[in-house]
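Okay, structure first, notes after.
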Amino acid sequence: AKDCGADGKVLMLADGGAEFAKKVGLEIDLAARGFGVRSKRYAMLVEDGVVKALNIDESPPAHDKSSAATLCSMIDRTL
């Protein structure tokens, strides 16, 4: 948030146990790679509890849709 200049406007959260990811269908089973169930890589822009954008990278290690630069450019357009 600080790097985007959005302090106080953006709440960034972690989902270490993938509990949220499972509830919204964004989990990925990486057990074959020794990692277990994780969250897919994604970035979500939420305003007043409403999801305005959900950028999901479908296969690791892709990160172009969920990158900080991509989300920051979206935030710049909406602020």
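The values are calculated or read from the model by the stated rules, or taken from the named source; none is laboratory data. Since the model is a prediction, treat every value here as computed from it, not as a measurement. Every residue, glycine among them, receives a Cβ derived from its backbone with ideal geometry; neighbour counts consider all protein chains shown. Areas reflect the complete protein model, heavy atoms only, side chains present, ligands, DNA and RNA absent. Shrake-Rupley method; radii C 1.70, N 1.55, O 1.52, S 1.80 Å.
Data overview
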| quantity | calculated |
| --- | --- |
| Those residues of region 38-62 whose amide nitrogen sits under 20 Å from the label point placed on ALA69, 7 Å along Cα→Cβ | 41-45, 54-62 |
| On Cα atoms only, tilt of 68-78 relative to the major axis of the chain in degrees | 40 |
| Helix-only [θ]222 nm of the chain, DSSP H runs n ≥ 4, -39500 (n - 2.57) each, per residue, nearest 500 | -5500 deg cm²/dmol |
| Percent carbon-and-sulfur accessible area, the chain, ignoring ligands, DNA and RNA, probe 1.4 Å | 53 |
| FRET efficiency, 1/(1 + (r/R0)^6) with R0 25 Å, evaluated for ASP7 and MET44 via beta carbons | 0.85 |
| Over the chain - Rg/Rh using Cα atoms and the Kirkwood inverse-distance radius | 0.99 |
| Rough spin-label spacing in nm, given labels placed 7 Å along Cα→Cβ, for ALA53 and VAL37 | 3.0 |
| The chain, relative contact order in percent, only Cα pairs under 8 angstrom and at least six apart counted | 17 |
| Under 13 Å from the Cα of LYS23 - aspartates and glutamates, other chains or at least 8 residues apart | ASP15 |
